[in-house]
Amino acid sequence: MSASGGSGQVPYFFLSYARTPMDEDTSGDPNRWVYRLFDHLCEEIFQMTTLRKRSDAGFLDRKMRLGEQWPDEVSKALATCRVFVPLYSPRYFDSEHCGREWSAIQMRLRAHTSEPPPVIIPIMWVAVDQRSMPECARLIQFSQEGFWPDYLRHGLYSVAKASSQRNKLLQATFALARRISQVAELSPLREAQDMPRYTTLPNAFAGYRGKRRIRVSVVAPHLGNLPNGRNPYYYGMRPHEWNPYRHEDNHQPLAHHVTEFARERGIGAEIGPLDLPDGEDGIPDQPGMMLVDPWIADMPDTYENLRRFGGEITRSYPVVVPWNRKDKETSAAEPRLRRALGEAIPGGQGEPAVHEIGSLDDLRREMPRMLERAFNRYLRTAPVYPPPGGSGKRPRMIEPGDGDDERQD
């Protein structure tokens, strides 16, 4: 017995996405841009078709599932949807739920005796290197009709947030809705014979290690430019060789420990030069974390740069400041260094200016939270696709529903 029957097979599409968790550093639902895209797609498809209800156009599960089972409405939508629309992002291929949703669709595709219809229509939401995707996703081709040239490099999310890019978003949404409607009506996916169950389906992405990457930047002196009188014991020939917790059993630089902790969690990490935001439009090209030696307060040029860009830095990166109570020189200067850092690196509203650690054990304990903040802050400041021509006014970030009835030329 099929999951449902009749020629009125609905929904037309199932939007599969990885939910972004709430973060104490952000306000509002971080998934609101996904919901807005879904609503626009449903509206366009409803206008293009003879569907009697707008809700028949698409299905999206808005609830965060903590258990290991799908509600009946999710199972039914996976069993009857005509088209499957995965929203690619770094989180997507790390998601157990998304991997099992993909398996439910693959199970239905295997029921087609002839060549399976092209019913998986992926959307690049946040850019993912296609070479690093699981093979099942890598084999699916993108349709770029209606999209701007750098769509796959930037992702649809990059224009969803910017009011100045509204026309691009509308054009892309219309093209996606038309493609979904065409496939749904001309070559729909055959309905499942039985309702798919979460626990009986494998994770299609099992064994995949996400290629999320983070850059670790170090702001510290080296042996060639130490502040007057500073003990050289903790420093090396280059800034990233700084090790504030050096002792006979620990000769590895602090940045090395950070990259190792990140890799233990399946995140690629690299040590790179300080990437200071360049004025209003300066946005990092990948997530990052900044390690700052308190003694930069005695390095006039570096300190002045931090004063100039401190607000942008804390908006883009978690800033980690280590203190070593066993370093008597640092302990004696701590009040002065702390005041100087507070002036150079101001905190954002409701969040600390810096994250202080007192030992490598502290760093290890705090790393999961730091990494999550690094990725959340990067997504919050993700690069928006630049408008053609010369530089102009910076795009204004809008909230869903803001100016929905206004078309900007």
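Laboratory data are not the source of any read-out in this text; all were calculated from the coordinates shown. Since we're looking at a predicted model, the values are computed, not measured. Cβ coordinates were reconstructed from backbone atoms using ideal geometry, including for glycine residues, and neighbour counts include every protein chain displayed.
Take the Cα of residue 238, step 7 Å toward its Cβ, do the same at residue 52, and the gap between the two points is 6.8 nm.
Projected onto planes of every orientation and averaged, the convex hull of the alpha-carbon atoms in region 213-380 covers 9.4 nm². Among the lysines of region 13-200, pairs at least eight places apart or on separate chains and with Cα atoms under 23 Å apart come to 4.
Modelled this way, with points 7 Å down the Cα-to-C-beta line, the labels at residue 35 and residue 136 are 2.9 nm from one another.
Note on residue 301/residue 365: beta-carbon distance plugged into 1/(1 + (r/R0)^6) with R0 of 45 Å gives a FRET efficiency of 0.85.
Among 136, 42, a tally of other beta-carbon atoms within 10 Å of each Cβ gives an order, fewest to most, of 136, 42. Packing here is the average count of other Cβ atoms within 10 Å per residue, and on that basis the peptides 219-227, 250-258, highest first, run 250-258, 219-227.
With K and R counted +1 and D and E -1, the other residues having a Cβ less than 9 Å from that of residue 222 yield a net charge of 0.
Counted over region 213-380, the DSSP beta bridges are approximately 5% antiparallel. Sorted ascending by nearby beta carbons within 10 Å, beginning with the fewest, 12, 378 become 378, 12.
This ranking places 345, 140, 313 by how few other beta-carbon atoms lie within 10 Å of each, fewest first, which gives 140, 345, 313. Count Lys and Arg as plus one, Asp and Glu as minus one, and take only other residues whose Cβ is under 12 Å from that of residue 122; the net charge is then +2. For the pair residue 285 and residue 200, a Förster radius of 45 Å applied to the C-beta separation gives a FRET efficiency near 0.60, rounded to the nearest 0.05. Considering only C-alpha atoms, what is the centroid distance from region 98-153 to region 175-254, in Å? Taking the Cα centre of region 175-254 as reference, the centre of region 98-153 is 22 Å away.
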